[in-house]
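The values are calculated or read from the model by the stated rules, or taken from the named source; none is laboratory data. Nothing here was measured: the structure is a model prediction, and the numbers come from that model. All Cβ positions, even for glycine, are placed from backbone atoms using ideal geometry, and neighbour counts span all protein chains on display. Heavy atoms of the whole protein, side chains included, go into the accessibility calculation; ligands, DNA and RNA do not. Shrake-Rupley method; radii C 1.70, N 1.55, O 1.52, S 1.80 Å.
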Amino acid sequence: MLRWPSCVLSVALALAGCVRPMPRGMVDPHVLQFRAVADEAGEGTETMVVREGGNKEVLHLRKEALLTAADVRSARAGTQPQLGEATVYLTFTEEGRRKFFEATKVSVGRRLAIVVEGRLLSAPTVQHPIQGDAVITGDFTRDEARALAAKINAARKGR
């Protein structure tokens, strides 16, 4: 049986368009992004669709991410106690906490989009500046929450 080194296999898959190689120690910024929602489409925006509660809504997101997986110290799946919904709990780095506070401070009364692997997961309205960590809830199962937490942790570690 012919065995190929994993680096050769990764390069072959990347060349075939199957995977996007990520250098060790680099964080994939597309795994998790927090982005501002714009009032209308423009040069610095991207149009995405969010599906929540059976409804579909078109939103215009700023292309620049306010936070990414690089700002997360750890992610873990859990269940929201009050509603029993699947959740992903994010613990930010010190820099991530500062960025999250600033992002929520300037976004009070506005929406902040949560983009996971290029898909708009949710865009809640910020009620007040948030100092601390974050919780992602949405229309996903416990298994999907565990998979999302694993992806965020892997992206954060550059795997």
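Only one of the numbered conditions (1) surrounded by fewer than 16 Cβ atoms within 10 Å (Cβ to Cβ); (2) among the β-branched types (Val, Ile, Thr); (3) farther than 29 Å from ALA41 by Cα is violated by VAL108, and that is (3). Looking only at region 89-143, residues that are among the small types (Gly, Ala, Ser), assigned to a strand (DSSP E or B) and within 18 Å of ARG62 (Cβ to Cβ) come to 2 in all. Report, by residue number, each residue of region 68-90 that is over 16 Å from the mean Cα position of the chain (by Cα) and either surrounded by 15 or more Cβ atoms within 10 Å (Cβ to Cβ) or among the aromatic types (Phe, Trp, Tyr) (or both). Listed by number, the residues that qualify are GLY78, GLU85.
One line per residue, one yes/no per condition, for (1) under 20 Å from THR79 (Cα atoms); (2) open to solvent by less than 60 Å² (accessible area, probe 1.4 Å); (3) under 12 Å from the mean Cα position of the chain (by Cα):
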site: GLY96; (1), (2), (3): no, yes, no
site: PHE100; (1), (2), (3): no, yes, no
site: VAL116; (1), (2), (3): yes, yes, yes
site: PRO124; (1), (2), (3): yes, no, no
site: HIS128; (1), (2), (3): no, no, no
site: GLY132; (1), (2), (3): yes, yes, no
site: ASP143; (1), (2), (3): yes, no, no
site: LYS151; (1), (2), (3): yes, no, yes
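Against the numbered list (1) surrounded by fewer than 19 Cβ atoms within 10 Å (Cβ to Cβ); (2) over 14 Å from the mean Cα position of the chain (by Cα); (3) in a strand (DSSP E or B), VAL37 comes up short only at (1). The condition of being modelled with pLDDT of 95 or more, within 18 Å of LEU121 (Cβ to Cβ) and under 17 Å from the mean Cα position of the chain (by Cα) holds for only one of LEU59, LEU32, that being LEU59.
Scanning region 133-143 for residues that are at pLDDT 90 or above and either in contact with a Lys or Arg (Cβ under 8 Å, 6 or more places away or on another chain) or of a type in the set (Asp, Glu) (or both) gives ASP133, ASP143. Scanning region 43-61 for residues that are over 18 Å from GLU117 (Cβ atoms) and either in contact with a Phe, Trp or Tyr (Cβ under 9 Å, 6 or more places away or on another chain) or surrounded by 10 or more Cβ atoms within 10 Å (Cβ to Cβ) (or both) returns GLY44, THR45, GLU57, VAL58, HIS60.
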